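Reviewing the structure listed below.
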Amino acid sequence: MNKKKIIPILSSFLFFVLVFSLVLPSTAGTISATIIYKPIFPLNMTISKSVMPFTQDPAFYSFEAYHIVPPNVNPIVVTIAKNLIFNDTGLKPYYERVYIPPGNYSLEILNVTIREFNGTQYDRCAYVYANGIPIFWGSTQEINNSTAEADVTLFENLLQGNVTFELVIQNYYDAKIGITGLYEMNVTLYLYPGQKPQGLPNGFIPIFVNATCEHICYNYSYVILYPGMPARTQEIQIPNGTYRMMALIYEKGGGNDEFWYACEPATRPILVYYDNMLAGVVNPYETIYTGGIDLFYWKPLTSINTLSFHSPYIIDLTPFLALGNEANITVCVYNLITAYEITQSMAHDWDIAGVILLWVNESNPMICGKLNVAKHEFIDSGPMFFPVFFGECYLEDGHYYLDYSAELKFEHGIENSQVIQKGFYCARQKLSFVYEYAFLDEKFMEKAVESGMYNATLCYDVNYPITLNFDTVAVPITNPHVIPFNLTYEQNGTISLGLDYYMKWTFGDYCHEVNTTESLYSVGGFGGIIEIINSYGGAVLVKLSSNYAMTIKNLTSTWLVNGEGFKETFSAEGLQNSTVNFNGYYVYVKESFSSIGSSDPPAQYNIANEIIQIINNKILELEI
């Protein structure tokens, strides 16, 4: 590598003085302009290949802290994809037709490994679909390689026989500005023989298939919502004999909303409507990708939910079966229009994918149903701005309460269903020309109870807090009115991010619980000379003069089936302190597993049967 020129790219470099609007709460529709000064804030960056090849043990440069210990049985290994190369593919998937042996499996794990090579590249979305249904939602590490996994046992009745997988890495190639990196993907499914969990869905309706912005039939669930189209509706047909129904929605902010929690407004609850009734709220997680905010924070230790999203939220829609066999499902990202009014930008994008999960017994059709309770309340204060001596303060709060219950009469029995959801979120920011403090907290829960022909529950208790502190200084050194132009840039700050996630799922005698507490703290900054290359704020870091980043991640997680399982404890620290080697290194990685409710020790943990085995208290050190 030529040490005289370093070429990290800033995909959404915000050099601006924003004109904000004071949006009054609730029904107020007038806009009163006020000027708010905000620091130059890089949303996403990437870097060129390191001056040294990566030689770390374990073989994967980056990996998720969250792992699932499989049972002590030999899995059936199904190769979904091997060495697929993504070069300027965009949303176009690879189609892999795979035969999955039918059987009874107690656990199904999907492993995804990705390698970046051939030059500089951004972090990219990485999705895996089965027959158009999303089963893996993640992203890439910008450099070297990564591995991640997802528990796909929920889809066991889908993943059998002949299945078409759609594999997507939204990679783009632009040699003119040095973006030449390619991604290689390998995907493997591990099937662990054993007693099949009770109460798995047996029907699946993907939503928003062939709704991509490219208007091409790729045959998978995906739509981009933005201020010009903040909501999308799909009509679904529900098979007669359906006795339970749920929705699983995946999301990702992009463009100016990649780090929406540092925007104004900073709240983006995703509202799910069933025939125009608010049926559920998905609170998006504050995912930080590997080029995000300060790209050096995440090399090699990534943020929470980055490589694979492991805190899914399912909305129980069973009471709505009382309304008949046809329905309109609408997904709306809240505050997108307000974001446009404030920024005058349409580039507040949200990737949305999802599936309607069905439990169907065609031999027991529903005769009639009655929706006994239908309460839904959603209140948002709207963004509020207040001038203070150092600049401006932004505040916004919101809460919701949903309660639905129904009696469903079938040919052979009666089922009663009640679903309660409630949540609260608050955003606080302090803004000046060189400093930003941002805080967002999302707390929410769900309790669904079905009783009668079958007995089942679904419970969530979740909290997503994040706090950011950043100061930046940017001084033009060439004419800023003529693109390209150069400026000197310095950034320093901290990020504190958390995940408190509890899920309990019961069906008959089967009970599955997951309780995860994950925290992350990052501190540091970088400086150099940046070249602004277009009107959208794209930039090239042509000289790096300073770089320090420390990231610490801790996790404690229990995973139980019928009271037996394991507890995982994870702790790691990543460090950057070089202006010539961007690999960084692990100061330490500690991971241990202990069994719960069983005399048997946990199975030896493997990813892809070959690569990452992190022994408790093993210290991994690399030379810079």
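Taking the inverse of the mean 1/r over every pair of distinct Cα atoms in the stretch 404-529 gives a Kirkwood hydrodynamic radius of 19.1 Å.
Relative contact order of the stretch 64-202: 44 percent, from C-alpha pairs under 8 Å at least 6 residues apart in sequence. In straight-distance terms, cross-link reach from Lys543 covers every one of the aspartates and glutamates whose alpha-carbon lies under 15 Å from its own, apart from those fewer than eight places away in the same chain; here that gives Glu490, Glu531.
Where does the Debye-calculated log10 I(q)/I(0) of the stretch 237-389 sit at q = 0.19, 0.20, 0.21 Å⁻¹, using only Cα point scatterers of equal weight, no solvent? These q points yield log10 I(q)/I(0) values of -1.18, -1.25, -1.32. Cross-link pairs exceeding 27 Å between alpha carbons, from the set Lys443/Lys567; Lys375/Lys443; Lys92/Lys504; Lys409/Lys447: Lys92/Lys504. Which residues among the stretch 555-571 fall inside the zone where the amide N is under 20 Å from a point 7 Å beyond the Cα of Asp461, along Cα→Cβ? What the label zone holds, given the 20 Å backbone N cut-off, is 555-568. With the Kirkwood sum run over all distinct C-alpha pairs, the stretch 365-405 has a hydrodynamic radius of 13.9 Å. Calculated [222 nm] ellipticity per residue, helices only, for the chain: -500 deg cm²/dmol; basis is -39500 (n - 2.57) per DSSP H run with n ≥ 4, divided by all residues, nearest 500.
Using the empirical formula 2.2 N^0.38 Å as the baseline, the Cα radius of gyration of the stretch 45-622 reaches a ratio of 0.97.
Put +1 on the Cβ of each Lys and Arg and -1 on the Cβ of each Asp and Glu in the chain; which of Pro197, Ala126, Cys511 then has its Cα farthest toward the positive end of the dipole? In the chain, that residue is Ala126.
Taking every alpha-carbon pair under 8 Å whose residues sit at least 6 apart, the stretch 237-374 reaches a relative contact order of 47 percent. Straight-line cross-link reach from Lys422 at under 15 Å between alpha-carbon atoms covers these aspartates and glutamates, not counting any fewer than eight positions away in the same chain: Asp316, Glu377, Asp380, Asp397, Asp403, Asp441, Glu442, Glu446, Asp461. I'd like the distance separating the alpha-carbon centroids of the stretch 176-223 and the stretch 496-559, in whole Å. Using only Cα atoms, the two centres lie 23 Å from each other. Couplings 3J(HN,Hα) for the stretch 312-326, derived from phi with the Karplus relation 6.51 cos²θ - 1.76 cosθ + 1.60 (θ = phi - 60°), are x, 10, 10, 9, 7, 9, 3, x, 6, 4, 5, 8, x, 9, 10 Hz, where x marks Gly and Pro. Ranking Cys213, Gly413, Ala247 by how far each Cα lies toward the positive end of the dipole of the chain (charges on Cβ) leaves Cys213 at the top.
For the set Ile100, Ile367, the ranking by accessible area, highest first and with no ligand, DNA or RNA atoms included, is Ile367, Ile100 under a 1.4 Å probe.
Inter-label distance, Asp403 to Tyr454: 2.7 nm, where each label sits 7 Å from its Cα along the C-beta direction. Note on the stretch 82-132: percent of Cα-Cα distances in each 10 Å bin, starting at 0 and stopping at the bin with the largest distance, equals 14, 49, 25, 11, 1. The candidates Cys217, Cys393, arranged from most to least accessible area with a 1.4 Å probe in the full protein assembly, appear as Cys217, Cys393.
Taking the average, over residues, of other Cβ atoms within 10 Å as the packing measure, peptides 311-318, 208-215, 465-472 rank 311-318, 465-472, 208-215 from highest down. In the complete set of protein chains, residue-level accessible area for Glu156 is approximately 10 Å², probe 1.4 angstrom. Placing +1 on each Lys and Arg Cβ and -1 on each Asp and Glu Cβ, with no other charges, gives the chain a dipole about its Cα centre of roughly 1020 debye. Ranked by the mean number of other Cβ atoms within 10 Å of their residues, highest first, the peptides 451-460, 126-135 come out as 126-135, 451-460.
The values are calculated or read from the model by the stated rules, or taken from the named source; none is laboratory data. All values reported here derive from a predicted model rather than from experimental measurement. Reconstructed Cβ throughout: ideal geometry from the backbone, glycine too, with neighbour counts over all protein chains shown. Accessible surface is based on the protein model in full, side chains and every heavy atom, while ligands, DNA and RNA are left aside. Shrake-Rupley method; radii C 1.70, N 1.55, O 1.52, S 1.80 Å.
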